[in-house]
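Input: a single structure, listed below in structure tokens.
The values are calculated or read from the model by the stated rules, or taken from the named source; none is laboratory data. The structure presented is a predicted model; accordingly, all values stated were derived computationally and were not measured. Cβ: placed from backbone, ideal geometry, glycine included. Neighbour counts: every protein chain shown.
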Amino acid sequence: MEELSEPLENYIKEIYELEEIKGKAKVTDLIDAFHVSPGTISKAISRLEKMSLIERKNGLKLTPEGRRIAERLIRSHRLSERLLTDMLGLDWIRSHEIAHKLEHIWPDDVLEVIDSKLDKPSTCPHGHPIPGRKVDLGILLSEAGKGKYKVIMIVREEEWILREAERASLFPGKEIEVIDRDEDKVHIRVTDKEYVLSIPMAKEVMVSDR
Ligand SMILES: [Zn+2]
């Protein structure tokens, strides 16, 4: 098979993550995620189709082979993040950035060593499941009514989102309470402190459905 370039690998990963969160991936989601032109995306999609890694079926869908490649990369990415935060003490913004490079380099047997040294974690530091390990999904904080919840994951690992999550102590596993909400804000309490989140930010936080 033709060697997969790093940009193509990144598209495959993104499609996997979109399927994971939204149930399916659309071309417009890819354009948004990579800030590239529709022409660039459609070229990449055609190549991936030719390589039988994706198919167009009510949006974009990974074939079993595409899924296998995506899972390998995502597993490597998420374990790399854990390695950088848990063992080296880096923050979750840098660990995500550096993991983009590391994910491409580990041989399979080294990845197994990393996994077992980390005690086979079920998620990355941002709450995304390591492929093959089960995590219960919930609802987005933007849709949550008043009440108590637990943070499950930060949906997109972009810098502004992770900074804002950090400011409001929104880490996976944290108990939070929605105390009030209106059209454009969600008011929450996290360990005795109150924070106001914008709706775009609240859409980036997945919480347990009670
Ligand atoms: Zn992560």
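Among the residues of the range 32-57, count how many are under 22 Å from the mean Cα position of the chain (by Cα), more than 23 Å from SER76 (Cα to Cα) and modelled with pLDDT under 90.
Qualifying residue count, the range 32-57: 3.
Among the residues of the range 185-193, is there at least one that is surrounded by 13 or more Cβ atoms within 10 Å (Cβ to Cβ), over 22 Å from ARG82 (Cα atoms) and in contact with a His (Cβ under 8 Å, 6 or more places away or on another chain)? I'd like the intermediate steps shown before the answer.
Just the residues of the range 185-193 that are surrounded by 13 or more Cβ atoms within 10 Å (Cβ to Cβ), to begin with: 185-190.
Next cut, over 22 Å from ARG82 (Cα atoms) only: 185-190.
Those still in the list that are in contact with a His (Cβ under 8 Å, 6 or more places away or on another chain) too: none.
Taking every residue of the range 185-193 in turn, none turns out to be surrounded by 13 or more Cβ atoms within 10 Å (Cβ to Cβ), over 22 Å from ARG82 (Cα atoms) and in contact with a His (Cβ under 8 Å, 6 or more places away or on another chain).
Among the residues of the range 66-84, are any over 16 Å from the mean Cα position of the chain (by Cα) and within 16 Å of the ligand (Cβ to nearest atom)?
So far as the range 66-84 goes, yes, one or more of its residues are over 16 Å from the mean Cα position of the chain (by Cα) and within 16 Å of the ligand (Cβ to nearest atom).
Can you confirm whether the range 145-154 contains a residue that is within 18 Å of the chain's Cα centre (by Cα), without any contact (Cβ under 8 Å) to a residue 24 or more places away in the chain and either not assigned by the TED database to the domain that holds SER198 or not in a helix (DSSP H, G or I) (or both)?
No, because not a single residue in the range 145-154 is within 18 Å of the chain's Cα centre (by Cα), without any contact (Cβ under 8 Å) to a residue 24 or more places away in the chain and either not assigned by the TED database to the domain that holds SER198 or not in a helix (DSSP H, G or I) (or both).
Do we have any residue at all in the range 128-138 that's assigned to a helix (DSSP H, G or I) and more than 15 Å from the ligand (Cβ to nearest atom)?
Within the range 128-138, none of the residues are assigned to a helix (DSSP H, G or I) and more than 15 Å from the ligand (Cβ to nearest atom).
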